[in-house]
Amino acid sequence: MHDVLQPLTQQPGVKQAAVISSDGVPVCVLERASMKSGEFVDCTNSSQASLEGQRIDPASLVALAASWVDDVMRAGGQIAWELPKRFVLCASQGTLVVQQGPNAHVMVVIEPSISPEAFAFPLEAAVERLHRLLRDLGRFDPDQNAAALPRPQHTESPAAPSIADYAAGGQAMNQGDATGPGQSGGYPSVLPHNPSSAPFDSTGDH
Amino acid sequence: MRALARDGSTSNYVVLAKEYSALGEPPSVLKVCREGLELHPESAELQRLARRAKELHQEQRLHDLNLELESAPRAALFRELCEIQLENGDSQHALEAAQRWRNQTDEPEAAYYVAAAHAEFFFDGRRSRDGLQAFQLAAESAKHLARDKRPLRLQFEIARRCGAWEDARIALARLLELMPGNPLLEARFRRVLSNCAHSKPLAKALSEVEKSGRFVDDEPEEAGNFDREALRPTLKRLAARTEVHVAFFLRGNTALVQGAHGPTADRTARAVREVLQASRSAARRMALGRAFEIRAEGSFGALVLKPGPLGTAAVWTSQIPKGEIEQLLEQLNGESPMESAA
């Protein structure tokens, strides 16, 4: 999962990059250790603000980001038939940019002085890497849009689960589940809340 | 310099300041500009040069301070670093420096600067946790710095702005002990005392500020409290653009909509208000500060909201808005002056 986020952390002005499930569970969170050093640390399982100058713990931040995306999608559903895929919240102390992926979001928090436009392409590329990763693990079927993102294992270790862990989890899941990708109804671990399936309230007069 | 001795005009001060800037001496530029501004306070050019010189001087000083702190960290350097960064509005760097200072020495003054940085975050973003942290750290440093007025001033300012009048009174009473007979403080104390009857507990007052996004002394954003006729031409120009589906202006409970009618206008305006409220609250809770632009983009086009001093301008377009649309949005929300209707 680090490979999905690594190129984003190379961009100037990034404070945090994360992959989160659409219901706000952090899958992988990388956070800049301090303003001075450009080094990123894995905070996926960190439940308190421990870094220098950090004012909110990563778990709360990603949960709030997912909740905001959910709110905007719900309200956006009243305006148009299609739902938004990219969300930008520019504020005085930072900018949040979220790109929707396969049942997950890729998000970055950037410095307020940096234009969010510069992140349109890197975020799309990160979502594409996420697609590819899930495809390689046999978890993604674009026709069904139902690939569930693997959840992190809650262990004592502070490090994020590696790609190998995900691969192992994918095999275990496929063994228990007879249907593979491309077949209908074969995704028992689909997250319960899928905003893209929310009913529209639009009258279609636009 | 001789020309300036003969004639102390603005242009001669500007020439001398520019000569010093060419020599790479920002402190001298600043000195000349200050002297010139005493005689010609209205000079825009001298003001600009003074601002630029101050920025350059501070940049250089920050660089030197950071280098010196790496080799010989001490309180005076940390204090100056935090002061400069807070003065520049760079609260994030100030917080990091103050936390580094606090971790290294555990001095009560370091706690004050951590509190001051959190207070700046609170005044800007209205996040209750920042306000509470700032108040508690200021109280902690006030306990150790018995003769220092700064932590008490900070406590007073936080409590006053969120309407925790009892806490404001306590901080002010202690300030009066340090500055007995100060007429300004005494007048403030009487005013605060009269408000104590409807004081709220600090935690409740802070969470109310976070919820509403408004301090007690902020102007209320009431419905209909704006000139609709002045806004309508700009809103019509915005809606007339081919890529614009609907244009909105929201303030309080009132919404002006162009490009949609009847129930559709109501429904879309309600949706835009929901996006605005959710985004403002989310920005505060995520410690991102005050939201000033919200975008949702997809195959349906883009929904862009720009909250500003007058209200929120919003637009639903088929493409990501740029150029004139952005200018019109900024005119509507009061961030740039309104053009006269052509």
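Criterion applied to B:G334, B:G323 was being in contact (Cβ under 8 Å) with a residue 24 or more places away in the chain, surrounded by fewer than 22 Cβ atoms within 10 Å (Cβ to Cβ), of a type in the set (G, A, S) and more than 8 Å from every other protein chain (Cβ to nearest Cβ), and the one residue passing it is B:G334. So for the stretch B:204-225 (the condition being in contact with a strand residue (DSSP E or B) (Cβ under 8 Å, 6 or more places away or on another chain) and open to solvent by less than 40 Å² (accessible area, probe 1.4 Å)), does at least one residue qualify? There is at least one residue in the stretch B:204-225 that is in contact with a strand residue (DSSP E or B) (Cβ under 8 Å, 6 or more places away or on another chain) and open to solvent by less than 40 Å² (accessible area, probe 1.4 Å). When the stretch B:297-320 is limited to residues that are in a loop (DSSP other than H, G, I, E, B) and more than 9 Å from chain A (Cβ to nearest Cβ), the one that is least open to solvent (accessible area, probe 1.4 Å) turns out to be B:G311.
Residue pairs whose Cβ atoms lie under 8 Å apart, separated by 6 or more positions or on different chains, with the first residue in the stretch B:279-291 and more than 7 Å from chain A (Cβ to nearest Cβ) and the second part of a helix (DSSP H, G or I) and open to solvent by less than 10 Å² (accessible area, probe 1.4 Å), are B:R284/B:G125.
More than 10 Å from chain A (Cβ to nearest Cβ) and either over 24 Å from A:V98 (Cα atoms) or open to solvent by less than 50 Å² (accessible area, probe 1.4 Å) (or both): is that true of B:L256 in this structure? Answer is yes for this residue.
A count restricted to the stretch B:87-102 and to residues that are in a helix (DSSP H, G or I), open to solvent by 40 Å² or more (accessible area, probe 1.4 Å) and in contact with an Asp or Glu (Cβ under 8 Å, 6 or more places away or on another chain) stands at 2. The residue that is nearest to the chain's Cα centre (by Cα), among those in the stretch B:38-79 that are farther than 24 Å from B:D90 by Cα and open to solvent by 40 Å² or more (accessible area, probe 1.4 Å), is B:A44.
The set of residues from the stretch B:199-216 being charged (D, E, K, R) and over 19 Å from the mean Cα position of the chain (by Cα) comprises B:K200, B:K204, B:E208. Which count do you get for residues in the stretch B:266-278 that are facing another protein chain (nearest Cβ under 9 Å) and open to solvent by 30 Å² or more (accessible area, probe 1.4 Å)? Adding up the residues that qualify gives 4.
One residue alone among B:L152, B:L145, B:L132, B:L137 is in contact with a helix residue (DSSP H, G or I) (Cβ under 6 Å, 6 or more places away or on another chain) and farther than 29 Å from B:R290 by Cα, and that residue is B:L145. Among the conditions (1) of a type outside the set (V, I, T); (2) buried (at least 19 other Cβ atoms within 10 Å of the Cβ); (3) facing chain A (nearest Cβ under 8 Å); (4) more than 24 Å from the chain's Cα centre (by Cα), B:P263 misses just one, which is (2). Checked against the criteria, B:C196 counts as of a type outside the set (A, V, I, L, M), open to solvent by less than 70 Å² (accessible area, probe 1.4 Å) and over 18 Å from the mean Cα position of the chain (by Cα). Restricting B:G131, B:G125 to those that are within 14 Å of chain A (Cβ to nearest Cβ), open to solvent by less than 10 Å² (accessible area, probe 1.4 Å), touching a Phe, Trp or Tyr at 6+ places or on another chain (Cβ under 6 Å) and of a type in the set (G, A, S) reduces the list to B:G131. Taking the criterion of being aromatic (F, W, Y), assigned to a helix (DSSP H, G or I) and under 15 Å from the mean Cα position of the chain (by Cα), the only residue of the stretch A:72-122 that qualifies is A:F119.
The values are calculated or read from the model by the stated rules, or taken from the named source; none is laboratory data. Please read all numbers here as calculations on a predicted model, not as lab measurements. When we count neighbours, we look across all protein chains shown, and the Cβ atoms used for this are built from the backbone with ideal geometry, even at glycine. For the accessible areas, the whole protein counts, side chains as well, though only heavy atoms, and no ligand, DNA or RNA atoms are used. Shrake-Rupley method; radii C 1.70, N 1.55, O 1.52, S 1.80 Å.
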